């Protein structure tokens, strides 16, 4: 599935303008890429850098922490407090080390466990609503993550779903000729259809990075 969903020449051109926030972020990105740890793509990061400055969220929820790169990026750009959820205990431990080392331990709280279950616990605690949610965990579980996240937000809150085009596979089976990713593709197509037709949210899917869905919660 090593395929760009847009023209590779265009993507390379766009990424030519990419600038890391600082040396620490640059080093962590390089390490993650070398170790094949999934973090936000450069094109997505560049978009979110501007998006966060426009929307200025104060509280962000992330489902899918990995090594903590995006959680720290969100906080660094917006100044927001971040709650990030990670199911893999080894990833959560690595994220904790990175977050402390880079000085974000007062701004970022890591919850270890399944995304939906952790969000249910947050709902029980009646925490303040989140201004933004970033979904970037198991692709076949996006719908249940979104349903749980909606209960933790307010009208006007934004939910971002990353990688919704799955290297083009969501749009067409020609990008998965062997059928290797058939189940994930089916689930993602159902999810994209759902978020574009759910009256609780307004959604736009853009070909940024590996596909980014931007949903705004309606006042209904």
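The values are calculated or read from the model by the stated rules, or taken from the named source; none is laboratory data. These numbers were taken from a predicted model, which means no experiment stands behind them. With ideal geometry, Cβ positions are generated from the backbone for all residues, glycine too; neighbour counts draw on all protein chains shown.
Miscellaneous remarks
- So residue 102, is it farther than 23 Å from residue 19 by Cα, out of contact with any strand residue (DSSP E or B) (no Cβ under 7 Å at 6 or more places or on another chain) and in contact (Cβ under 8 Å) with a residue 40 or more places away in the chain: no
- Flag if residue 191 is surrounded by 21 or more Cβ atoms within 10 Å (Cβ to Cβ), touching a helix residue (DSSP H, G or I) at 6+ places or on another chain (Cβ under 6 Å), under 25 Å from residue 50 (Cα atoms) and at pLDDT 95 or above: no
- The lone exception for residue 143 - which of (1) surrounded by 23 or more Cβ atoms within 10 Å (Cβ to Cβ); (2) over 13 Å from the mean Cα position of the chain (by Cα) it fails: (1)
- Residues satisfying the stated conditions in the stretch 161-173, i.e. without any contact (Cβ under 8 Å) to a residue 60 or more places away in the chain and either within 16 Å of residue 11 (Cβ to Cβ) or in contact with a helix residue (DSSP H, G or I) (Cβ under 8 Å, 6 or more places away or on another chain) (or both): 161, 163, 164, 170, 173
- For residue 219, the conditions (1) touching a helix residue (DSSP H, G or I) at 6+ places or on another chain (Cβ under 8 Å); (2) closer than 25 Å to residue 59 by Cα; (3) touching a residue at least 60 places away in the same chain (Cβ under 8 Å) are fulfilled apart from (1).
- So residue 131, is it in contact (Cβ under 8 Å) with a residue 24 or more places away in the chain, surrounded by fewer than 22 Cβ atoms within 10 Å (Cβ to Cβ) and either touching a helix residue (DSSP H, G or I) at 6+ places or on another chain (Cβ under 6 Å) or not in a helix (DSSP H, G or I) (or both): yes
- Pick from the stretch 80-93, criterion in contact (Cβ under 8 Å) with a residue 40 or more places away in the chain and assigned to a loop (DSSP other than H, G, I, E, B), ranking: farthest from residue 32 (Cα to Cα): 80
- For the stretch 105-119, residues that are over 30 Å from residue 182 (Cβ atoms) and either assigned to a helix (DSSP H, G or I) or touching a strand residue (DSSP E or B) at 6+ places or on another chain (Cβ under 7 Å) (or both) total 6.
- Of the helices (runs of 4 or more DSSP H) entirely within the stretch 6-79, those holding at least 3 residues that are surrounded by 21 or more Cβ atoms within 10 Å (Cβ to Cβ), on the phi < 0 side of the Ramachandran plot and at pLDDT 95 or above occupy 42-55, 69-78.
- Verdict on residue 96 being farther than 23 Å from residue 165 by Cβ and part of a helix (DSSP H, G or I): yes
- Screening the stretch 174-192 for residues that are in a helix (DSSP H, G or I) and touching a residue at least 40 places away in the same chain (Cβ under 8 Å) and picking the one that is farthest from the chain's Cα centre (by Cα) gives 175.
- Qualifying residue in the stretch 147-158 (condition: buried (at least 16 other Cβ atoms within 10 Å of the Cβ), in a loop (DSSP other than H, G, I, E, B), modelled with pLDDT of 95 or more and on the phi < 0 side of the Ramachandran plot): yes
- Across the stretch 193-205, the number of residues qualifying as touching a residue at least 24 places away in the same chain (Cβ under 8 Å) and assigned to a strand (DSSP E or B) comes to 2.
- Flag if residue 86 is on the phi < 0 side of the Ramachandran plot, out of contact with any strand residue (DSSP E or B) (no Cβ under 9 Å at 6 or more places or on another chain) and buried (at least 19 other Cβ atoms within 10 Å of the Cβ): no
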